[in-house]
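Colleague: Got a structure for you, written out below as structure tokens; questions coming shortly.
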Amino acid sequence: MANFQFEEVGDARQKSGDTAANQAHSALHAEFMTVSDKGEGAGKAGADQRVGKDQAQGNSDQELTKSEKMLQDAMKQMEAAPDKKAALKQLAPKFEDAIKQSDSDFEKVSKTLVADLQKLKPEMEKVQPLIEAAGQKVSQAFQKDVPKAEQEKVAAKAEQYLGLDAKDPAKKALAADLAKYPNLKGAIDGLEKVIEANRPLLEKVSEIQATAEQAVLDRYQTRLGYAMALHAGGDDVKAKAIYKEAQKIIGQGQDEEEQPQQKFKFKDERSTMRSA
């Protein structure tokens, strides 16, 4: 077999971020995650997902979780092995242990986050309507003041503006650009005031969200890594089954009956593990 690569790995982090609040547990109130997205999360990029090449080579920019380290170790050995089929027999338990570790961590995190969110619920129920009202004013001003041809560019600037510290020189430049749309600028400033007034609370919610997303991502990427190794070792039947598990975790899995013609593809260029 030649170079094997998964379709959709590139946007896995985005998918897990979009669905993590719901996947983490039904009790991880999705409305809290929404408020966090509108507040502290605005204008800030999430952590890059680390599958495939990044896992095999290591990531010095971010501290890896325990299951990520286990997966990285197994993938490094799989990549270095000249005989992938033989290596799979030896390394399969390591991949499976990484999956078990991610599942165990997920359960522990879920229980903790449920308790944390319950404590924050009374405060969030007061703050959420304020943020939603301010956000609605921004949306209305945006649609009214900004020509359609300029909306994409202006939206990007508005998001960046909200994500910058008041002392950042770039924020002043963005403020000047947004001032071309007075109603929008006023609405954005109003939203920012609400966010700043409740920043400690929103930061707590944002931290909870990030923890939930990482727990979901760990379960996803340990399965994805194992599926890659299975494919390299020639076990495509089990690779497809594990890959399907991974997709379901981030809300992308579908029953075979629903998509009988769907093919199992390996495309992502960042995955470089090769079979003999």
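Colleague: In angstroms, what radius of gyration and Dmax does segment 196-247 have, counting Cα atoms only?
Modeller: So, for segment 196-247, Rg and Dmax equal 17.2, 57 Å respectively.
Colleague: Can you give me the C-alpha center-to-center distance between segment 224-245 and segment 117-133, rounded to a whole angstrom?
Modeller: Rounded to whole Å, the Cα centres lie 42 Å apart.
Colleague: Where does each of Val138, Val194 land when they are ranked from fewest to most other beta-carbon atoms within 10 angstrom?
Modeller: Details: Val138 22, Val194 19.
Taking fewest neighbouring Cβ atoms as first place, the list is Val194, Val138.
Colleague: Once you have a ≥ b ≥ c as the square roots of the Cα gyration tensor eigenvalues for segment 65-128, tell me rounded if a/c is under 1.5, and otherwise prolate or oblate according to whether a/b is larger than b/c.
Modeller: Working: a/c = 6.07, a/b = 3.81, b/c = 1.60.
Prolate shape, in that a/c is at least 1.5 and a/b is the bigger ratio.
Colleague: Please give me the summed charge of the neighbours of Asp145: other residues whose Cβ is under 12 Å from its Cβ, Lys and Arg +1, Asp and Glu -1.
Modeller: +4
Colleague: What does the convex hull of the Cα atoms of segment 141-197 come to per residue, in Å³, rounded to a whole number?
Modeller: 69
Read-outs: derived from the displayed coordinates by stated rules, not from any lab. The model shown is predicted, which means the values in this text are computed figures rather than measured ones. Backbone-built Cβ (ideal geometry, glycine too); neighbour counts: all protein chains shown.
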